[in-house]
Amino acid sequence: ILNAEDAAEVSTGPRLRAADADLARVEELTVSTGEYERIITLPDDVPKLETWVIETRARLLVLDPLMMFISEQADTNKDHGIRRALAGLAMMAERRNLAVLVAAHLNKDEAKRMLYRVGGSVGLVGLARSVLFLTHDPDDPDGETGNLRLLAHAASNWGERSATLRYRIEQVSWEEDGQQIRTSKVVPDGESDLTAEQLIAPQRSKEPSKV
């Protein structure tokens with residue numbers, strides 16, 4: 001796991017444990033530079049990543065969020081820029097039979113189609129073999145403050161898209177070394193008929209405005 005936003009001890013670790021993960025099979029990767037640590041940089045650190053993959057026999061690499069790990073020298077707003085930055089990672093993943101899962105945020109242009117809403121260049125979507133979209137469930141009776149989420153299959157180069165899955169976020173806690181650990185986990189909660197395109201569409205009010 002390469003996580004540039006959440007601390008392992010505070011966020012990632014407790015969430016993995018709440019999901020009954022085997023932590024002996026999870027590694028958080030950083031690069032040491034003398035007495036300091038820094039995050040991985042792509043494409044520069046692909047050789048280091050490949051060494052780790054070989055040593056740990058990893059089968060899944062998670063980058064969250066992807067843009068935090070791309071070199072400042074890469075122009076992530078241009079198709080060729082994002083493709084060149086990630087080409088080495090893609091080739092390494094193929095060599096090592098490694099699945100790569102990257103998290104990306106949406107831009108604010110609600111007029112665009114689903115695949116053009118991903119932040120940065122559309123080249124990122126072009127490189128991905130499968131694109132998943134996670135969002136609030138618009139049918140949640142508690143609205144955006146509710147705990148229901150939908151995971152929609154937005155694109156696939158492998159075959160047909162999968163059904164949209166519904167999940168429920170549950171709060172969990174336990175006591176450890178005299179401290180109360182609080183986190184959350186996702187629990188499967190059936191399917192939804194809504195597609196990624198329907199979920200990304202701008203929300204329209206039921207009553208027309210004066211405009």
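The values are calculated or read from the model by the stated rules, or taken from the named source; none is laboratory data. The structure displayed is predicted, hence computed values, not measured ones. Every residue, glycine among them, receives a Cβ derived from its backbone with ideal geometry; neighbour counts consider all protein chains shown.
Things worth noting here:
- Residue in segment 127-142 that is within 26 Å of ASP6 (Cα to Cα), of a type in the set (Gly, Ala, Ser) and touching a His at 6+ places or on another chain (Cβ under 9 Å) present: yes
- Residue count, segment 92-126 (criterion: in contact (Cβ under 8 Å) with a residue 12 or more places away in the chain and not in a helix (DSSP H, G or I)): 21
- For segment 19-50, the set of residues classified as modelled with pLDDT of 90 or more and either closer than 30 Å to SER173 by Cα or of a type in the set (Gly, Ala, Ser) (or both) consists of ALA19, ASP20, ALA21, ASP22, LEU23, ALA24, ARG25, VAL26, listed by residue number.
- Of the candidates ARG168, ARG129, the single residue that is more than 23 Å from VAL100 (Cα to Cα), basic (Lys, Arg) and either surrounded by 14 or more Cβ atoms within 10 Å (Cβ to Cβ) or without any contact (Cβ under 8 Å) to a residue 60 or more places away in the chain (or both) is ARG168.
- Any hit, segment 63-79, residues being closer than 30 Å to GLN180 by Cβ and exposed (fewer than 13 other Cβ atoms within 10 Å of the Cβ): no
- From the list ARG168, ARG129, ARG161, ARG83, the lone residue that is touching an Asp or Glu at 6+ places or on another chain (Cβ under 7 Å) and charged (D, E, K, R) is ARG168.
- Here ASP139 does not fit the description of being touching a residue at least 24 places away in the same chain (Cβ under 8 Å), within 30 Å of ILE169 (Cβ to Cβ) and surrounded by 16 or more Cβ atoms within 10 Å (Cβ to Cβ).
Results for (1) within 19 Å of the chain's Cα centre (by Cα); (2) modelled with pLDDT under 95; (3) assigned to a helix (DSSP H, G or I), shown as yes or no for each residue.
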site	(1), (2), (3)
TRP52	no, yes, yes
LEU63	yes, yes, no
GLN73	no, yes, no
THR76	yes, yes, no
ALA90	yes, yes, yes
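- For segment 104-121, the set of residues classified as buried (at least 16 other Cβ atoms within 10 Å of the Cβ) and at pLDDT 75 or above consists of ALA104, ARG117, VAL118, listed by residue number.
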